[in-house]
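The values are calculated or read from the model by the stated rules, or taken from the named source; none is laboratory data. On a predicted model such as this, the values are computed, not experimentally measured, just so you know. Counting neighbours? That spans all protein chains shown, and the Cβs are built from the backbone with ideal geometry, glycine included. Side chains are part of the model used for accessible areas, which takes the heavy atoms of the whole protein and leaves out ligands, DNA and RNA. Shrake-Rupley method; radii C 1.70, N 1.55, O 1.52, S 1.80 Å.
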Amino acid sequence: MDQIKLPTGLRDEFGEVAERKDIVSAWILELFRNQGYTRINTPIVEQRDLFNDFTSANPPYRVFDPAGDDLVLRPDLTLPIARFLSNTNLSLPRKLYYLGTKFEISPELSGGQNQQTQLGIELIGYSTIKAEMEEVIIMHQLNKHFLQNKLTIEIGHAKLVDQILDSLHISPQLHEQLAEALYHKNFPAYKALLEKVGACDELPFLKKWPRLFGTIAEINQILKSVQVPKSAQPLIKELITISSFASSFTDQQVIIDLSSAVPQKYYTGIIFKGYTARSSTYVISGGRYDKLLANLNAKTEPAVGLGINIDALAAITDVEPLTQRPVFVYAKLAEMSEIAPIIEANSNYSLALADSQSEAKAQADAAGATLKVWKPGEGLIEC
Amino acid sequence: MLKIALTKGRVEEKLIPLLEACGIDCTPLVNKERKLIITLADQYQFILVKGDDVCTYLRTGTADLGVVGSDVLAEQSNLSQVDELLDLGTGRCQFIVAAKRDFDWNQSHRKVIGTKYPEVARRYFDGKGEDVEIIKIAGSVELAPLTGLADAIVDLTETGTTLRVNHLVVHDWLDVITSRLVANPVALKQKRNEIFKLVDKLSAVIGANEYENI
């Protein structure tokens, strides 16, 4: 029994589930290729240490190579690309795109999936905010093409929480606890911690902070009544610039979150998350990570990335049915060479792999295909 | 419509008066008989579940909000991934460490701890820098020291009566436990105003006025 058991947290993808992912991936891959992005593939197995700074609820799958080296199935797709860049002299700036599988172990028996297909881009060597804007355009394109404008883009800033807390001159421990409470929107804990901060000029802002997420109009409304700590104003300005740009697409829902949880430690600037009412998790996430290459002993390069969860996107996308019904073509063995050119000439034609016409008919019916039979002198007759 | 995973039993009973005070007619919830899905005021769909399952419903997006004891959140903290919106202040009790009166806490052997909350127990003893063996027990935890299954227990107590009846003495007091209103992070973003409306109503009722700012 054990040998045919699928390991926990993994699944086979069959029929429509797998096909949806193909359709969604193919469209996005073509989009990036047409836009002049360069494709990159990296192996699914990497050195364990590459992911030292990667935060995850669970340790990764471990793999041992014959030399006994401690390897892992990659839990992230950006770090391997950073490794590639730090090992090569690729001329920068450059726009890269990738499609790959990553492995992140879900809590045991939680129904979560440990294997995820992700398609994404990395814009390496661009410090301009136009790189973030390019990502907004891509998210909007996906939204229009796949999600009938039901995608909400959430925009935050990876450094905002730390920047504001730094200005309070509180202990590192209280700083960390407050950040944790904000990221997890733990209001009772935040309120209790705020009492330890005591009276300060920032207090009116601090009191409203956990609820400071919503549309630009809603945020601006709240910010009218409280003063944003000075040190954070440039970051907020950046947030508003990008959010206003995103909102210039009138059919795009955009929200700002002034305490948006940072998906990974390597983010240093604007962060994006995309979701719909039909998804319980983020369909898209990404942002700016200017220090990542420096962490890997390479020259510092500004960079922005975006990852699309293909499993989540495919699950909420309505995929069009085939426009043409498949056709199975049956001919006697001696007549096969006559039908070969016809099959090649029609994209929805294939051979009926049966030795009798009745068997061919049954196979076509089972596959939802039309059966056409080759009659010498008459041609293909639908049957 | 907000979908709310509600811990059935005591948490549910204590929530009803709060909802009533918010002007939400709870008759369908009170007279639910064996139904497990109940809609109130055409706005709130309550799904009655076990406390341990509340975060599962939220994590998978099956429910937007949940009402659950903070003991469950403490035990599931590493996998709960939920936002905590409000301390309802109900169902108050406290985590304790307790043992038989004659138990010597300074003895040299590795202590055996019986508990329904292995994560909470592990964090407590890790914090003390003490290596202990934890045994998970499904119920009647007080029995463990009495029968010799464990040296001490980490458990919840409301009044301490059960401990006293079983001749157990509290060695240390840990976190106070109350019912919490929790949310799925994506639902909170998408139904922000609807959710905060409920949070504000409940805050007003439980007298947590200072919440209006947060």
Computed E for B:V30/B:A204 - FRET, C-beta separation, R0 30 angstrom, nearest 0.05: 0.85
The stretch A:188-228: C-alpha gyration tensor shape, a/c 1.5 cut-off, then a/b vs b/c: oblate
Compute the distribution of all C-alpha to C-alpha distances in the stretch A:231-383, in bins of 5 Å from 0, and list the percent of pairs in each, rounded to whole numbers. 2, 7, 12, 12, 10, 7, 5, 5, 5, 7, 8, 8, 7, 4, 1, 0, 0
Give the lysines whose C-alpha is closer than 29 Å to that of B:K100, dropping any in the same chain fewer than 8 places away, or say none. B:K111, B:K116, B:K128, B:K136
Which value, in debye to the nearest 20, describes the size of the charge dipole of chain B about its Cα centre when Lys and Arg Cβ atoms bear +1, Asp and Glu Cβ atoms bear -1, and nothing else is charged? 440
What stretch of chain B, leaving out the sites themselves, is the longest with no GluC sites (Glu not before Pro) in a DSSP loop having at most 12 other Cβ atoms within 10 Å? B:34-129
For A:K372, the lysines lying under 20 Å Cα to Cα, once residues fewer than eight places off in the same chain are dropped, come out as A:K332, A:K361
Calculated FRET value between A:S358 and A:I23, using beta carbons and R₀ = 25 Å, to 0.05: 0.15
Just B:R34, B:R123, B:R180 to compare: in a GNM of chain B, with alpha carbon springs under 10 Å, which one fluctuates most? B:R34
Can you list residues whose amide H is under 5 Å from B:T39's amide H, if they're 5+ apart or on another chain and H is modeled 1.01 Å from N? B:F46
Rounded to the nearest 5, the percent of antiparallel DSSP beta bridges in the stretch A:267-371 equals 65
Expected max-MSF residue from A:A261, A:A366, A:A303 in the GNM of chain A (alpha carbon, under 10 Å) is A:A366
With the crude spin-label approximation of a point 7 Å out along Cα→Cβ, what separation in nm comes out for A:I381 versus A:D49? 7.4
Size of charge dipole - the protein assembly as shown - debye, nearest 20, with Cβ of Lys, Arg +1 and Asp, Glu -1, no other charges: 860
In whole Å, largest first, what are the principal axis extents of the Cα atoms in the stretch B:1-160? 61, 29, 25
Work from the charge dipole of the protein assembly as shown (Cβ charges, +1 for Lys and Arg, -1 for Asp and Glu, about the Cα centre) and give the residue of A:L333, A:I129, B:A183 farthest towards its positive end. A:I129
For the stretch A:214-241 versus the stretch A:294-357, the gap between their alpha-carbon centres in whole angstrom: 48
What is the stretch B:47-120 by shape, rounded, prolate or oblate, if you read a ≥ b ≥ c off the alpha carbon gyration tensor as root eigenvalues and call it rounded for a/c under 1.5, prolate for a/b larger than b/c, and oblate otherwise? prolate
Let me see the pair-distance distribution of the protein assembly as shown: every alpha carbon pair, 20 Å bin width, integer percents in order. 16, 43, 30, 9, 1, 0
Grab the beta carbon distance between A:S337 and A:I4, set R0 = 41 Å, and tell me the FRET efficiency rounded to 0.05. 0.45
Once you've got the GNM for chain A with C-alpha springs shorter than 10 Å, pick whichever of A:E338, A:E135, A:E202 has the biggest mean-square fluctuation. A:E338
Distance from the stretch B:14-81 to the stretch A:23-62 (C-alpha centre basis), Å: 38
Dividing the convex hull volume of the alpha carbon atoms of the stretch A:39-138 by its residue count, what do you get in Å³ per residue? 132
Can you give the % of DSSP beta bridges in the protein assembly as shown that are antiparallel, to the nearest 5? 70
Only counting protein heavy atoms at a 1.4 Å probe, give the residues of the stretch A:251-288, ordered by number, whose accessible area falls by 30 Å² or more when the other protein chains are present relative to the chain alone. A:Y275, A:S280, A:Y282
Projecting each Cα onto the charge dipole of chain A (Lys/Arg +1, Asp/Glu -1 at the beta carbon, about the Cα centre), which of A:I4, A:Q47, A:N186 comes out farthest on the positive side? A:N186
So if I take the alpha carbon set of the stretch B:83-214, get Rg, then get Rh from the Kirkwood formula, what is the Rg over Rh ratio? 1.12
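If you take every DSSP beta bridge fully contained in chain B, what fraction is antiparallel? Give it as a percent rounded to 5.
60
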May I ask you to derive the relative contact order of chain A, considering only C-alpha pairs under 8 Å and at least 6 residues apart, and to give it as an integer percent? 17
Can you list the residues of the stretch A:120-139 with backbone N under 18 Å from a point 7 Å past the Cα of A:T38, pointing along Cα to Cβ? A:120-127
What's the average, rounded to a whole number, of partner chain beta-carbon atoms within 10 Å of each residue's beta-carbon in A:182-195? 5
Just in the stretch A:139-239: which trypsin sites (Lys or Arg not before Pro) are loop by DSSP and have at most 16 other Cβ atoms within 10 Å? A:K150
Could you tell me which residue out of B:L146, B:V72, B:T60 lies farthest along the dipole of chain B toward its positive end? Charges go on the beta carbon: Lys and Arg +1, Asp and Glu -1, centred on the Cα centre. B:T60
Among the lysines, which fall within straight-line cross-link reach of A:K5, defined as a Cα-Cα distance under 26 Å, with same-chain neighbours fewer than 8 residues apart omitted? A:K21, A:K102
A student asked for the Cα radius of gyration and Dmax of the stretch A:128-225 in angstrom ought to give 16.8, 50
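About the Cα centre of the stretch B:105-213, what is the dipole size in debye to 20, counting +1 per Lys and Arg Cβ and -1 per Asp and Glu Cβ, all else neutral?
420
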